[in-house]
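**Student:** Below is one structure. I have some questions about it.
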Amino acid sequence: MAIYKLFPTKDASIYTQDVEMNTGLDSILEASTYLVNNDPYLSRYLIKFSSSEISNTFSNLVGTSSYQIVLNNFIALAEGLNNTTHLYFYPVSGSWSMGTGRFDNIPSTKNGVCWKRPNISGSGNWSTGSFGINATASFSPITPGGGCWYTGSNLGLNVESSKSFGYYGSKDIDIDVTDTVKTWYSHSIDNNNGVPNEGFIVKQGYKDEFNISVDNAHTLRYFSIDTNTIYPPSLEYRWDDSIFDTGSSNNKVLQTSETFISVYNNEEVYYPQSIPRFRFAAIPKYPDRTFITASYYTENYYLPEDVSLYAIKDTDTNEFIVDFNSDFTKISADATSSYFDLYMNGLEPERYYTILVKSQIGASTKVFDEGINFKIVNPWKYKLI
């Protein structure tokens, strides 16, 4: 198992309501269609992750493992949705600057990306024609601009991702963008392949963006990198690095779900740069009668192979930060014990987290919540680095 998160280097929303307004420091990212005094407007947002961090994750962490890459955005407000509301995610064509504006600034800030142009006021506008290979845009003649994006690459990968929304269910974004990130990584190795990493542009579909009415206006606002909440956007790498190799160990595999489970090496306090290995102690609650000279409870058991998973939840909110996943959160084992490694960089500091275990033992599947808690601390706060 492995879950590793990258956080954006920049993000911003762009609006037809004010085509020169920059919102690079807003706490909200918005891809909405809406009315103001019966006039229709729309917004899109751009979000970029570090090219060097993407390359480093591929080269030094993922390696040759099978993997998935997911863009995570957490909902702040959703209104007016119907069963046909969609968001689309494309790789941006062309560089852009984040700027330092906010939506409520009066007068509006014009020192970064906006609907009209990708950079500071006075620089060139977003292209409205003569696009590069596989690149395009969509806009109203009244408000030209709105960004440019790729719809394909010479690698033949699908760089368009989409998510549908309805009346019910989560409005959070958890979208597979593996092919898009592959094209960026390929370009970083050979600029004749793929497309350069300029981030994602997120938008509603053409029919919704240019058919806005009282009955067809959809508000979708997400937390940005500048949020004061625990919900910043992230690019999440998931891959399977689980190993079940117990060597010459004589430890048995659990055969009963009536079991005590703990982490015997839990240090309880960790730093964001940590990659601890959590080792499990597992023993049946009701051992079979047997004649032994040592205490029965000195014997450790393995959690069953391939069907034992871990998850991490926020202790205060009970929200899953890393959910159970049969592909990417398998528990490993070596000659010592069952275990898993956890990259702490994806967890918000100054919060407590709880480790859960789900295992299929015999005919039953059980989730163990044994109060195994730890805290991430901010090293700057404690002057540790």
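Coordinate-derived values only; no laboratory data. What you are looking at is a predicted structure, and each value in this text was computed from that prediction instead of being measured. Please note: Cβ atoms are built from the backbone with ideal geometry, for glycine as well, and neighbour counts cover all protein chains shown.
**Student:** Hey, what do the phi angles of segment 227-238 turn into as Karplus ³J(HN,Hα) couplings, whole Hz, using 6.51/-1.76/1.60 and θ = phi - 60°, x for Gly and Pro?
**Tutor:** 5, 9, 8, 9, 10, x, x, 8, 10, 10, 8, 10
**Student:** Now for a different question. What order, most packed first, do the peptides 32-41, 122-131 have when packing is the mean number of other Cβ atoms within 10 Å of each residue?
**Tutor:** 32-41, 122-131
**Student:** D for segment 212-293, whole µm²/s, Stokes-Einstein with Kirkwood Rh over alpha-carbon pairs at 10 °C and 1.306 mPa s: what number? Mind dumping the intermediate values first?
**Tutor:** Numbers: Rh = 19.2 Å.
Diffusion coefficient, whole number: 83 µm²/s.
**Student:** Can you tell which of ARG351, ARG44, ARG238 shows the greatest fluctuation in a Gaussian network model of the chain with Cα springs below 10 Å?
**Tutor:** The residue with the greatest mean-square fluctuation here is ARG351.
**Student:** If you don't mind, another one. For LYS366, give me every one of the lysines with a C-alpha distance below 20 angstrom, ignoring sequence neighbours fewer than eight places off in its own chain.
**Tutor:** LYS252, LYS285, LYS313, LYS330, LYS358
**Student:** Moving on. What number, rounded to the nearest 500 deg cm²/dmol, is the helix-based mean residue ellipticity at 222 nm of the chain, given -39500 (n - 2.57) per DSSP H run of at least four residues and division by all its residues?
**Tutor:** That comes out to -1500 deg cm²/dmol.
**Student:** In addition: Sorted by packing (mean other beta-carbon atoms within 10 Å per residue), highest first, where do 342-348, 374-380 land? Show your work: numbers first, answer last.
**Tutor:** On the way: 342-348: 18.7, 374-380: 15.3.
Result, highest mean first: 342-348, 374-380.
**Student:** All other residues with a Cβ under 14 Å from the Cβ of VAL19 taken together, and with Lys, Arg as +1 and Asp, Glu as -1, what is their net charge? Write out the running numbers ahead of the final one.
**Tutor:** Details: positive: ARG44, LYS110, LYS116, ARG117; negative: ASP18, GLU20, ASP39.
Here the charged neighbours net out to +1.
**Student:** Still on this structure, please answer the following. Could you give the angle, 0 to 90 degrees to the nearest 10, between helix 178-189's Cα long axis and the longest principal axis of the Cα atoms of the chain?
**Tutor:** Roughly 80 degrees, rounded to the nearest 10.
**Student:** Using modelled amide H (1.01 Å from N, peptide plane; none on Pro or chain starts), what sits under 5 Å from the amide H of ILE361, excluding residues fewer than 5 places away?
**Tutor:** Answer set, sorted by chain and number: LYS366.
**Student:** Using a basic spin-label model with each label point 7 Å from the Cα along Cα→Cβ, how many nm lie between THR178 and ASN38?
**Tutor:** Those two pseudo-labels are separated by 5.0 nm.
**Student:** Just need the relative contact order of the chain here, percent rounded to a whole number, with Cα pairs under 8 Å and 6+ apart.
**Tutor:** 21 percent
**Student:** Taking the Cβ-Cβ separation of LEU77 and ASP323 as r and a Förster radius of 22 Å, what is the calculated FRET efficiency to the nearest 0.05?
**Tutor:** Numbers: r = 23 Å, r/R0 = 1.07.
Rounded to the nearest 0.05, the efficiency is 0.40.
**Student:** Would you list HIS218, HIS187, HIS86 from fewest to most Cβ contacts within 10 Å?
**Tutor:** Final ranking by Cβ density, sparse to dense: HIS86, HIS187, HIS218.
**Student:** Between SER50 and ASN158, what FRET efficiency comes out of the Förster formula 1/(1 + (r/R0)^6) with R0 = 30 Å and r the beta carbon distance, rounded to 0.05?
**Tutor:** On the way: r = 23 Å, r/R0 = 0.78.
E between ASN158 and SER50, to the nearest 0.05, is 0.80.
**Student:** Another one. Working out 0.36 nm times the residue gap between ASN250 and SER364, then minus their Cα-Cα distance, what length gain in nm do you get to one decimal?
**Tutor:** Here the answer is 38.6 nm.
**Student:** Above 26 Å lies some portion of the pair distances; for segment 259-376, what is it as a whole percent of all C-alpha pairs?
**Tutor:** In whole percent, the long-distance tail amounts to 21.
**Student:** Kirkwood Rh over alpha-carbon pairs of the chain, then Stokes-Einstein at 4 °C and 1.567 mPa s: what D in µm² s⁻¹, rounded to an integer? Before the final figure, lay out each step's value.
**Tutor:** On the way: Rh = 23.1 Å.
Stokes-Einstein gives a translational diffusion coefficient of 56 µm²/s.
**Student:** Another one. How long are the three semi-axes of the equivalent ellipsoid of segment 109-195, in whole Å, if each is the root of 5 times an eigenvalue of the C-alpha gyration tensor, listed from largest down?
**Tutor:** Equivalent-ellipsoid dimensions as semi-axes: 25, 22, 13 Å.
**Student:** Would you list, by chain and number, the aspartates and glutamates whose Cα falls below 14 Å from the Cα of LYS116, excluding same-chain residues fewer than 8 positions away?
**Tutor:** In chain and number order, the partners are ASP18, GLU20.
**Student:** Determine the dipole magnitude for segment 17-83: charges of +1 sit on the beta-carbon of Lys and Arg, -1 on that of Asp and Glu, nothing else is charged, the reference point is the Cα centre, and the result goes in debye to the nearest 20.
**Tutor:** 340 debye
**Student:** For SER224, list long-range residues whose amide hydrogen, built 1.01 Å from N in the peptide plane, is under 5 Å from its own amide hydrogen.
**Tutor:** Distant-sequence amide H within range of SER224: ILE28, LEU29.
**Student:** Per residue Cα convex hull volume for segment 1-116, in cubic angstrom? List each step's numbers first, then the result.
**Tutor:** Numbers: hull volume 17.2 nm³, N = 116.
Spelled out: Cα convex hull of segment 1-116, divided by residues, is 148 Å³.
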